[in-house]
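Step one of this worksheet: look at the structure below.
Derivation of every value follows stated rules applied to the coordinates shown; laboratory data play no part. All values derive from a computational prediction rather than experimental measurement. All Cβ positions, even for glycine, are placed from backbone atoms using ideal geometry, and neighbour counts span all protein chains on display.
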Amino acid sequence: MARIASNLTIEEVRGRFAHWRRNRQGRDAIPKELWSAAIALARQNGVNRTAVDLHLDAGKLKRLMVAAGAGPMKSTPASFVELIAPPSDLSNCMIELEGRRGKIRIQFKGSGTAELAELTRNFWDLAS
């Protein structure tokens, strides 16, 4: 794919696609330059939003991004999460979860066990 300036706006690229669609011959394939512009926008704004704005197939846009080595931007994982439990009269609670990547055991003292169990399950699902 040709390199394209990453400072293009959605309106500029939408205009390029509209011009191409008006002037194409039959069922011509979208030119590489337009795909490159769409990939640059998808890196900034996300695949789904870009696909909707440009009337493109999101799956194909994502595949082309990966093939071009410009996969979707990754979010940085949290390095620390602090859990602050409300005061409670409950006794000890131990939660043990086992998944594909291993086992985790968490013990809480004086916490709201139901809420902490649900929160722990959610964290575990994200990590697995």
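Just order 15-27, 39-51, 57-69 by mean Cβ neighbour count inside 10 Å, highest at the front, would you?
Going from most to least packed, we get 39-51, 57-69, 15-27.
All other residues with a Cβ under 14 Å from the Cβ of D125 taken together, and with Lys, Arg as +1 and Asp, Glu as -1, what is their net charge?
+1
Quick one: if the Förster radius is 30 Å, what FRET efficiency do K60 and N122 give, using the C-beta to C-beta distance and rounding to 0.05?
After rounding, the FRET efficiency stands at 0.40.
Let's see if you can work this out: charge +1 on each Lys and Arg Cβ, -1 on each Asp and Glu Cβ, no other charges. What is the dipole magnitude of the range 10-67 about its Cα centre, in debye to the nearest 20?
160 debye
Could you state, as a whole-number percent, how many of the C-alpha pairs of the range 10-67 are farther apart than 17 Å?
That fraction is 30 percent.
Could you check the simple spin-label distance between A67 and R105, using points 7 Å along Cα→Cβ, in nm with one decimal?
5.0 nm
Net charge near E96: determine it from the other residues with C-beta under 11 Å of the C-beta of E96, scoring Lys and Arg +1 and Asp and Glu -1.
Every neighbour counted, the sum reads +1.
Could you give the nm distance between label points at N45 and E11, where each point is 7 Å from its Cα heading toward the beta carbon?
1.2 nm
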